[in-house]
1. Helix 305-319 versus the longest principal axis of the chain: what is the Cα-based angle in degrees, 0 to 90, to the nearest 10?
2. What does the charge count around S161 come to, taking other residues whose C-beta lies under 12 Å from its C-beta (Lys +1, Arg +1, Asp -1, Glu -1)?
3. If amide hydrogens are placed 1.01 Å from N in the peptide plane, which non-local residues have theirs closer than 5 Å to the one on V273?
4. Mind running the shape call on the stretch 299-416? Use the C-alpha gyration tensor, a ≥ b ≥ c as the square roots of the eigenvalues: rounded below 1.5 for a/c, prolate if a/b tops b/c, oblate otherwise.
5. State the extension gain, in nm to one decimal, for the chain segment bounded by S86 and L117, taking 0.36 nm per residue of separation less the distance between their alpha-carbons.
6. Once phi is turned into ³J(HN,Hα) by the Karplus curve 6.51 cos²θ - 1.76 cosθ + 1.60 with θ = phi - 60°, what whole-Hz value does each residue of the stretch 239-253 show in order, with x for glycine and proline?
7. Give me a comma-separated list of calculated 3J(HN,Hα) values for the stretch 160-168, in order, Karplus coefficients 6.51, -1.76, 1.60 applied at θ = phi - 60°, integers in Hz, x for any Gly or Pro.
8. Under the rule a/c < 1.5 gives rounded, and otherwise a/b versus b/c splits prolate from oblate, where does the stretch 254-319 land using the Cα gyration tensor?
Amino acid sequence: MRRRRPSGDFLLCGFLSWTIMMSFLPMCFCLNLEERMKVVGKVLKEVPLIDGHNDLPWNIRKFLKNQLREFRFGEDLRQIAPWSTSVWSHTDLGRLRKGMVAAQFWSAYAPCSSQHLDAVQLALEQIDLIRRLVSLYPQHMSLVTTAKGIDESHQAGKLASLIGVEGGHAIGTSLGVLRMFYQLGARYLTLTHTCNTPWADCCKVDEPGRVPHIGGLSHFGTLVVTEMNRLGMMVDLSHVSVPTMLDALATSKAPVIFSHSSAHAICNSSRNVPDHVLKRIAVNGGLVMVAFYPHFVSCAESATLKDVVAHINHIRDVAGVDHVGIGAGYDGVNLVPKGLEDVSKYPFLFAELMISEKWTEEDIGKLAGRNLIRVFRQVEQVRDQLEAQGMPPVDQSIPPEDILGRSYCRYSGPRT
């Protein structure tokens, strides 16, 4: 039996069907690396790339005792001692520009050993350092304290510099200090570092053999979160225990963030976020900004860019594309993934993601910065709503029994 040759109309219809089908595939599905990098460049010119955590200020303290006259941020620090010989150094202005970073949260960090001693002073000095650093490079950097300011700084071609205080012990159990940190520009507080505070448990208590100190947040801890909502300061849950995560999510009226954490299902570090919390983050409207430290990524001393991609994809799959961001943790780690050696490498991460058909340009924009800006705006909206309701500052002090035995560096006279 002879087969009939397809008619011209049949062939035309087949071609049109194939064309329509292909039009629904992401444009980067068949692109090579160079082409994907061009697409990433286009996206990051439109959308600010925001990183949630960088520890450069602490390195300046370690290496230069906060003396900025000796800090040549505009030069290639890979060629300048002591940065050139340090495995903790990943950041300078040139590499930030190459990485197309538009906004950076700089960490005002005080180590756990300063708790109940001079933690407040150390945090204040680090906030001062960040503000002075920005003022030294007015053509390249701008101090930003609002979501709108990130967009404005991006349009002006400057690096939006934001302040995050790392470690709740830095407030010295004082809501007055918390308020002053906000006045000085801090826009998130990490509720704990790797030590419990008198009002919150850290991630260490989740490790085998450890016993919780509180079991999450104390009553005063919930007041800290409530006051942060009133101020318009983001609640950062990196470093906290899982019960603390859940208590903060139950307390906060605004979305919360993890400024530098990854997925517990892939690497079971106590620093990472378990799936049941990721699902709560989606309900809360919050954000997990993925960290790059190999011990949080592969649970080993080495990792690759693809390992980081796996964490991003997992958080997307569980919480949704609206709830994942980037919080590398550069300058606070001595190990980095292969392919993500410093702040210049972010575009390669986005280009790798775009190999998959599920990552569109719009999705990349959300991951890069739109998600954080949305969360920041919602935190500001909650602040404005509470102000409209006439909510006064929380003026309660921590109960004396919560700091019993830890008050050796405290004024013992009248207290409010």
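1. For 305-319 against the chain, the angle is about 80 degrees.
2. Once all neighbours under 12 Å are counted, the net charge is +3.
3. Amide H to amide H, under 5 Å and 5 or more residues apart or across chains, V273 pairs with S262, A263, H264.
4. Oblate, since a/c reaches 1.5 and b/c is not below a/b.
5. Gain in length upon complete extension: 8.3 nm.
6. Karplus-based 3J(HN,Hα) across the stretch 239-253 equals 5, 8, 6, 4, x, 5, 3, 5, 5, 5, 5, 6, 8, 6, 8 Hz.
7. For the stretch 160-168, the Karplus-derived couplings read 5, 10, 10, 10, x, 8, 9, x, x Hz, x marking Gly and Pro.
8. Judged from the Cα gyration tensor, the stretch 254-319 comes out prolate (a/c at least 1.5, a/b above b/c).
The values are calculated or read from the model by the stated rules, or taken from the named source; none is laboratory data. Note that the structure is predicted; figures quoted are calculated from it, not measured. All Cβ positions, even for glycine, are placed from backbone atoms using ideal geometry, and neighbour counts span all protein chains on display. Surface areas here come from the heavy atoms of the whole protein model, side chains and all, with no ligands, DNA or RNA. Shrake-Rupley method; radii C 1.70, N 1.55, O 1.52, S 1.80 Å.
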